[in-house]
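Report on the following structure.
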Amino acid sequence: MRKLIVNKVSTPGKIILSGEHAVVYGYPAIATAINLRLTATRAGKIESDIPIGAGMGSSAAFAVAISAFKVGELNFEKINNHAYKLEKDLHGNPSGVDNTIVTYGGFLWYRKETEDFKTFKQIESKAKLPKLFLLNSGKPQESTKEMVSFVAGLYKRKKKATEEIFRQIEGVTKGFLRLLLDDDNFELGELIKNNEKLLERLGVVSDNTKQIIKIIEKEGGSAKISGAGGIKDGSGMVIVYHKDIKKISLIAKKYNFGLSPVKLGEEGLRIEK
Ligand code: MEV
């Protein structure tokens, strides 16, 4: 294995297309690396365009970068495993999807079967990727750890109902997979809408964010939170899609929403000069 002789690495942020929260319970998720990156040097100066605490994988990007120096060789498996341990220290019971997508990049089908057995595979997307936009619904007051324990509480109190939501989320996740593999029976806008509704039923989307998403739907678009979400105030970054791309700037103007384009399927951990 090649020794990691360089002193600088960069790692991407991520979005989850479908499967957040359900993935903690062994259901699949699809995540993708995006074009916002964190750059770290061995000496410890760190720069990042990934917003912190917004569901975009900022902590995983940090954990993977630090792990790359710690492991000391360009062994993605070792780096990913090390980053997972750091994520566990921070988040308690993560699924590992965040550090895995940040390490490997692209589009990833991910499943945590047990603590020591996680499966994932790159999705070689054949579909022409649609343009997605990001809208900041506000920084959540809750941490990812708190949101994961909120869902754990729900699961404990209402196991059957929560499992039913997870099963429906799995259906949507499989729809995203088919869409990425270029099956035109699946429509992106519908998948995003359905996923959002299920996350709202889990209770991880704040009232403020639901309002924003309703406005986008009223204007013919669709939107969903991505990541752990947030209840009291903001729910982090929201993914926005509109079939008619010209409508995006009109919506941004009309409601004063900051909407920025995001690139999907970007590279994972990378050595920098
Ligand atoms: C956070 O990005 C995704 C969650 O599903 C937590 C996890 O998978 O560890 C909410």
Helix-derived mean residue ellipticity, 222 nm - over the chain, DSSP H n ≥ 4, -39500 (n - 2.57), to 500: -13000 deg cm²/dmol
Solvent-accessible area, 1.4 Å probe, carbon plus sulfur percent, for the range 197-273: 51 percent
Calculated FRET efficiency for the pair S149/D183, C-beta based, R₀ 41 Å, to 0.05: 0.65
Distance from the range 8-69 to the range 227-254 (C-alpha centre basis), Å: 20 Å
Å³ per residue enclosed by the Cα convex hull of the range 132-261: 105 Å³
Mean accessible surface per residue for the chain, computed with a 1.4 Å probe while every protein chain stays in place, in Å²: 48 Å²
Per-peptide average of other Cβ atoms within 10 Å, ordering 92-104, 70-82 highest first: 92-104, 70-82
Accessible surface of the range 107-187 [probe 1.4 Å, protein heavy atoms]: carbon and sulfur percent: 52 percent
Model label zone, E164; criterion: amide N under 16 Å from point 7 Å along Cα-to-beta-carbon; scope the range 181-224: 198-203
Alpha-carbon Rg/Rh ratio, for the chain, with Rh computed the Kirkwood way: 0.96
Net charge dipole size for the range 224-272 [Lys, Arg +1 and Asp, Glu -1 on Cβ; Debye, nearest 20]: 380 debye
Neighbourhood net charge (14 Å Cβ-Cβ; Lys/Arg +1, Asp/Glu -1) for V262: +3
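The values are calculated or read from the model by the stated rules, or taken from the named source; none is laboratory data. These figures come from a predicted structure and were not determined experimentally. No Cβ is skipped: glycine too gets one built from the backbone with ideal geometry, and neighbour counts run over all protein chains shown. Only protein heavy atoms, including side chains, enter the accessible area calculation; ligands, DNA and RNA are left aside. Shrake-Rupley method; radii C 1.70, N 1.55, O 1.52, S 1.80 Å.
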